[in-house]
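The values are calculated or read from the model by the stated rules, or taken from the named source; none is laboratory data. What you are looking at is a predicted structure, and each value in this text was computed from that prediction instead of being measured. When we count neighbours, we look across all protein chains shown, and the Cβ atoms used for this are built from the backbone with ideal geometry, even at glycine. Surface areas here come from the heavy atoms of the whole protein model, side chains and all, with no ligands, DNA or RNA. Shrake-Rupley method; radii C 1.70, N 1.55, O 1.52, S 1.80 Å.
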Amino acid sequence: MGQLAKLKGASRVIGSAGSDEKVELLLKEYGFDAAFNYKNGPVSEQLRAAAPDGIDVYFDNVGGDHLEAAIGALNRGGRIAVCGMISVYNNTEPASGPRNLVRLIQTRGRIEGFLVNDHYDLQPQFVREVGPWVREGRLKYRETVVEGIENTLEAFLGLLRGDNIGKMVVKL
Ligand SMILES: NC(=O)c1ccc[n+]([C@@H]2O[C@H](COP(=O)([O-])OP(=O)(O)OC[C@H]3O[C@@H](n4cnc5c(N)ncnc54)[C@H](OP(=O)(O)O)[C@@H]3O)[C@@H](O)[C@H]2O)c1
């Protein structure tokens, strides 16, 4: 998502990942301007250090402390698209919400859910735009391939643990 944001004109893109190896990839291979390992310290502090001037957009795949940190760093008129909340999927109790929603008043910030199924009409446009970027090497990606449908469950659990470096794919 950070690569797409840059290709679409974002001046500065910041990423968070769960290992130093993944952080290195974000910086060296995917062209992020800053990145941090969320396991190395509080997300809010690491985000503040990476974005001292705040953030305008946050694409949420994580929820929890990441979402709260993003709200905390949001600039006036900032936008948050909620695509996923992987940090809460295994909770046995409902997760408490971010504690700082009041900042949405000061910032006039907006949070909106996003579901890919609602946007299939844009798929041809997506392929038209993204295809050349991939061919030209401007948009890079990796895949973590697991062989055999019998290993699907382990692949899924691995995804939740962060074992995958790229898109988790099960090869039949
Ligand atoms: N809204 C939609 O239409 C839609 C469609 C598909 C998927 N999604 C959502 O998009 C997100 C990404 O899904 P994906 O299938 O593309 O897989 P993905 O990007 O490979 O995401 C899995 C990664 O999430 C990280 N992760 C796991 N637990 C975490 C935690 N507690 N805190 C922070 N990061 C954690 C792990 O990396 P680390 O090593 O960095 O922890 C793992 O490799 C998910 O939240 C998924 O539910 C939404």
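Some values worked out for this structure:
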quantity: Criterion violated by residue 100 - all others in (1) more than 14 Å from the ligand (Cβ to nearest atom); (2) exposed (fewer than 13 other Cβ atoms within 10 Å of the Cβ); (3) in contact (Cβ under 8 Å) with a residue 24 or more places away in the chain; (4) part of a loop (DSSP other than H, G, I, E, B) satisfied; calculated: (2)
quantity: Residue, modelled with the lowest pLDDT, within the stretch 104-118, restricted to residues that are touching a strand residue (DSSP E or B) at 6+ places or on another chain (Cβ under 8 Å) and open to solvent by less than 100 Å² (accessible area, probe 1.4 Å); calculated: 114
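Okay, residues lined up against (1) within 12 Å of the ligand (Cβ to nearest atom); (2) open to solvent by 80 Å² or more (accessible area, probe 1.4 Å):
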{"residue": "120", "(1), (2)": "yes, yes"}
{"residue": "135", "(1), (2)": "no, yes"}
{"residue": "141", "(1), (2)": "yes, yes"}
{"residue": "151", "(1), (2)": "no, no"}
{"residue": "156", "(1), (2)": "yes, yes"}
